[in-house]
Amino acid sequence: MVNKLLMLLAIFLLPLIVLAQEPSKIDTVKVIDKPNQVVIAEDGDQVVVNVNGAYRDKDYKYEYRAKPSSKGFATEQKENHSLSYQFGRCDSTHSKRSFDVFMSDLYVGFGGNTVEQGNRDIIKRSTLEIGILNFVGLGVNLNRTRLSLGMGFNWTTYGLNKPYIWNRSDDGTVGLDAITGEAQNIRTSLLVRSMQFPLLFNQYLGKHWDITVGPILNWNFYADFNTSYSSGVNNISVTTHGLYQRKFSVDGILMVSWKGLGAYFRYSPQSVFKEGFGPEIKNRWTLGITIRGVGFCGR
């Protein structure tokens, strides 16, 4: 009789035991695609989950609070996810600290320079420069300020007034020649190519405005001049290499930016040529526009 009662009791309890052993289902509260930062912390007897930024929405904010069944399992921590793509430089106005690897500031500018007394009427006191300030760079953001170090390229041209052209003597000294005869359509320009290393300090003035200042170290690794003209039915073009340009120089730059566009002022006090190897062209200044690039931001 006792055995029968135990058997009936086991049959009755068997479904309850099976149900108790099944894993409990988890209710989905929120699905966030590719969050930039997730912070989990304890607040009294609650666990707080904060999400700062998400895929394609850097300003996204979300908070969730829950009371766990057992305390002590959650500690305050931050999860850093992979770098996220962003147009322009990373925004530091919504994060206490972040870094970014970026490409930025494609620019074009026009300006002027000073020339030694004897060549003022020959050498044009206007210049054209194009380049990219940061072909690759690393930036560190802290609250609303930013420090970056980059590497870029610059091309600057210097022209002559008609009817003069550049020349180079056997010892490498650059001088000037007057064109005589039947030469027409004279075009001549000196081109200096530089690799530049800007160290820039940036201050955010609002959600979209910022100002940037800093020095730029230039390695002027190559220079040549080209002269082209026509004589009768012949078109002649000559490029001359092996110039003694100043190898290293330091510039200063000031930029004001709004979203993806900016304006800049750049000043280059040092001369183009080494002393004794060409006319003294210095104090170059440039005004131009910049186009913001792309960034890969991490937090």
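Here, each number is a calculation from the coordinates, and none is a lab measurement. Not measured: the values here are computed from a predicted model. Quick reminder, even Gly has a Cβ in these numbers, built from the backbone with ideal geometry, and neighbours come from all protein chains shown.
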Practice task
Using +1 at the Cβ of each Lys and Arg and -1 at the Cβ of each Asp and Glu in segment 84-298, identify which of N202, N161, Q117 lies farthest towards the dipole's positive end.
Solution key: N202
Problem - Inter-site label distance for D121 and L191 at 7 Å from Cα along Cβ, in nm - result: 3.1
Practice task
Using only Cα atoms, figure out Rg for segment 84-298 and give it as a multiple of 2.2 N^0.38 Å.
Solution key: 1.19
Practice task
Round to a whole angstrom and tell me the spacing of the C-alpha centers of segment 216-294 and segment 164-194.
Solution key: 16
Handout entry: Spin-label pair Q203/W258, simplified geometry with 7 Å Cα→Cβ offset, distance in nm
Key = 2.0
